[in-house]
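The values are calculated or read from the model by the stated rules, or taken from the named source; none is laboratory data. Everything numeric in this text was worked out from a predicted model, so none of it was measured. All Cβ positions, even for glycine, are placed from backbone atoms using ideal geometry, and neighbour counts span all protein chains on display. Note: areas computed on protein heavy atoms with side chains; ligands, DNA, RNA excluded. Shrake-Rupley method; radii C 1.70, N 1.55, O 1.52, S 1.80 Å.
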Amino acid sequence: MKMEELIAILRKGESEKIEFKSNFVKDITKGICAFSNMDGGDILLGIGDNGKIIGTKTENMTQKVSDVLAAIHPYPKVKMEEFEVENKKIFHIKVSASDNLHSVGNIVYIRIGRNNRPLTTQEVIEKAAESAIVFFDELPSDAPINAISMSLVNEYLEKRRAVRGVKGMGSIEENLAALKITKNIYGNIRPTRGGLLFFSDNPQEYVPNARARLVWFEDEEMRRYIDSKEFIGPIWKMVDDIEDYFLKNLRVVGGDMVGWKRKEIREYPLEALRETVINSLIHRNYFDSSDVQIFIFPTSIRIKNPGNFPPGITVEAPEHKPRNPQLAQYMYDMGYIEKYGSGINNIKKACSMHPFAEVEFLLKPYRTEVVFRKEKKLEFAETDQRILDALTGIGFATSTEISKVTGLSKVAVVKHLNALILIGAVEKVGKGRATRYSNAAE
């Protein structure tokens, strides 16, 4: 460690990533364990709690620390170095963040502020799920076997055959076991939790948090709401229901001709919203008691789900490392997912091609939030640009005047004007025959 790095650390003091110890103690393992389970950190021996350099007189420090590391399971990744400052020995232990869940004496520790806190059993389960060590969807449930709807299973098998060309093999019982819809527990056949979520008519009876809640707010401050709706059922049908809600309620702000058909453009890209909803339902942490939340505001849509990205996965470098691999496989089999690991890129691409939608991924501890915003963009579609150019030349104008200048029908002009008003590119003044429009940039 360089002197300037040490000085910077001493000035900041102890924190979630820094711990001081005046000398070697065996319970240093708790700090190393806690840092491994979080974002890594640094432990400095020979530093007082007040950040004062006092030095350590312990001999063979590297060996002593190595001996106690054996108490941490699995073995952590650390680097050790010894150096002198003002003729006083300082020992530095740099702990790397880990994809595994580490424990000391079967107790898992995490770093909260300046303290190393043991986790409860429930917290250990949630942490394991966050680290993609335990898969919720592969665990057996307490539900009876008749909770599985055979009509849903057959619908899935038919869809898989049509989409992926995969046929079921053997008896229906053999298919249920092979697909991990059921599991044999000491001679008792039980539905898996993933099987319930996908093939039960009412999985929320057994997994109450497996629902999505939508609230449409009238204002940005969440003081009043326009609509509130709860989506339940098997998760693939929830995807269809939420998509149908967006189709019926999001405004159409334009459209382009694709061959002989007109492709409507809504205020947000539906394909990006659909992909986000799918990700929220199949990659969420079902050990967390929260539900998936969809909040619609005047200028944004926010979709939140319990669970962060698995370790090593980022927005910039998405990979296929599902928290619920069976749910992901079922969705792929039915064509809801076309390519593993492509969801985030599809969302970003759809927004980049949309006239005025932007997307942001907000990753927080134990929660993921995807925010779609309506933003002004510098580039406009050709028809929109013709209307803006006409307004620049005319000034305040009626839709009829704009129609004459652009050569567009009045119906087309009004539709495009409404879309441009929505994003703040055009201003509207007056009502009825007195309505006039102007370029907001002028």
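Structure summary
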read-out	value
Some residue of the stretch 337-359 being farther than 19 Å from residue 305 by Cβ, open to solvent by less than 10 Å² (accessible area, probe 1.4 Å) and assigned to a strand (DSSP E or B)	yes
Output for the stretch 39-69, where each listed residue is in contact with a helix residue (DSSP H, G or I) (Cβ under 9 Å, 6 or more places away or on another chain) and either under 27 Å from residue 127 (Cβ atoms) or open to solvent by less than 20 Å² (accessible area, probe 1.4 Å) (or both)	41, 42, 43, 44, 45, 47, 51, 65, 68, 69
Qualifying positions in the stretch 18-38 - closer than 22 Å to residue 126 by Cβ and open to solvent by 10 Å² or more (accessible area, probe 1.4 Å)	30, 38
The stretch 417-442, residues that are closer than 15 Å to residue 392 by Cβ and not hydrophobic (A, V, I, L, M, F, W, C)	427, 436, 437, 438, 439, 442
Members of the stretch 227-245 found to be open to solvent by 60 Å² or more (accessible area, probe 1.4 Å) and part of a helix (DSSP H, G or I), listed by number	237, 241, 244
Cβ pairs under 6 Å, 6+ apart, first in the stretch 352-381 and closer than 29 Å to residue 421 by Cβ and modelled with pLDDT under 90, second part of a loop (DSSP other than H, G, I, E, B) and among the basic types (Lys, Arg)	356/377
Strands (runs of 3 or more DSSP E) contained in the stretch 111-226 and holding at least 2 residues open to solvent by 30 Å² or more (accessible area, probe 1.4 Å) and farther than 30 Å from residue 243 by Cβ	115-118, 182-185, 188-191
Qualifying positions in the stretch 31-81 - acidic (Asp, Glu) and at pLDDT 90 or above	42, 67, 81
Pairs where the first residue, in the stretch 391-406, is within 15 Å of residue 429 (Cα to Cα) and the second is assigned to a strand (DSSP E or B) and among the aliphatic types (A, V, I, L, M), C-beta under 8 Å, 6+ apart	391/397; 391/426; 396/429
